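For reference, the structure is listed below as structure tokens.
The values are calculated or read from the model by the stated rules, or taken from the named source; none is laboratory data. Bear in mind that the values here come from a model prediction, so they are computed numbers and not experimental data. When we count neighbours, we look across all protein chains shown, and the Cβ atoms used for this are built from the backbone with ideal geometry, even at glycine. Note: accessible area is taken over every heavy atom of the protein model, side chains too, but ligands, DNA and RNA are not part of it. Shrake-Rupley method; radii C 1.70, N 1.55, O 1.52, S 1.80 Å.
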Amino acid sequence: MLERNNGTSFNIDWIEDIHINTPAVVRSANEVKGRRPLKKEHQAAWLMKAVTVIDLTTLAGDDTFCNVDRLCNYAKNPVRKEILNKLGFDSLTVGAVCVYPNRVKDVCQVMKRLDCHIGIASVAAGFPEGQTPLETRVREVELAVKAGATEIDIVINRTLVLEGRWEELYNEVKACRAACGEAHLKTIIATGHLGDFENVYKYVIGTGDFNCSVFCENWYPQVFFRL
């Protein structure tokens, strides 16, 4: 179970002091890409680790119970048994299964049948664009938790980032955090919509870090990893 993040009060000074050297960031990223990759058992170990931090996701308009059932079975057994045995693993699961709020009860039902205890995540708060009233977004979080979600993946209102309305954004994330109750809050940082590295970092340091257990950093279309 992830440790609870109790939060910190909003501090605009932390945001205003942030400056990013974009050329240096790009240069460092290119250096990482050019490094020698891991080989043999080390590569296999990191690939197995990568599996454990994936949220296996179905967010389609035509999702049904059968889709969810199939996804949950795959989440419990993402790697073939003979491969696991060869690598010295007894078992391995993904980090969580992620669905829309309406499908959370389906996931709970299947996981109970499979006797599987991985995370049950639900997107919420106006996913994928976050362009609905705050009251609607908060209520969606509450309903997903009531249905059985143990993790809530919210999207932020990117307009507030682009217009520099940081305290308003902080309060929105805080409201979603309160609506989660005992469930863990994760924020989907749609980096491709935030304009530049500085806005991304300002969000993480100035608002998101105080209320979220885990960040999902992504470009659209949505691909979920636990970072």
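For residue 127, the residues whose amide H sits under 5 Å from its own are 155, ignoring neighbours fewer than 5 places away on the same chain, with H placed 1.01 Å from N. For residue 146, give me every one of the aspartates and glutamates with a C-alpha distance below 15 angstrom, ignoring sequence neighbours fewer than eight places off in its own chain. Straight-distance partners of residue 146: 106, 182.
From the square roots a ≥ b ≥ c of the eigenvalues of the alpha-carbon gyration tensor of the chain, which class results: rounded (a/c under 1.5), prolate (a/b over b/c), or oblate? It comes out oblate by the Cα gyration axes.
Surface composition of the chain: carbon and sulfur make up 54 percent of the accessible area, probe 1.4 Å. For every helix of n ≥ 4 consecutive DSSP H residues, a contribution of -39,500 (n - 2.57) applies; sum these over the chain, divide by its total residues, and give [θ] at 222 nm rounded to the nearest 500 deg cm²/dmol. Mean residue ellipticity, 222 nm, calculated: -14000 deg cm²/dmol.
Within the chain, which is the longest segment containing none of the GluC sites (Glu not before Pro) that sit in a DSSP loop and have at most 11 other Cβ atoms within 10 Å? Answer from the scan: 4-162. Once every Cα of region 84-179 carries one equal point scatterer and solvent is ignored, give the base-10 log of I(q)/I(0) from the Debye formula at q = 0.14 Å⁻¹, two decimals. At q = 0.14 Å⁻¹ the computed log10 ratios are -0.59. When the surface is traced with a 1.4 Å probe over the full set of protein chains, residue 91 keeps roughly 80 Å² accessible. Using a Gaussian network model of the chain in which every pair of alpha carbons under 10 angstrom is joined by a spring, one finds that among 62, 106, 153 the greatest mean-square fluctuation is at 62.
Quote the relative contact order of region 71-171 in percent (integer), defining contacts as alpha-carbon pairs under 8 Å separated by 6+ residues.
23 percent
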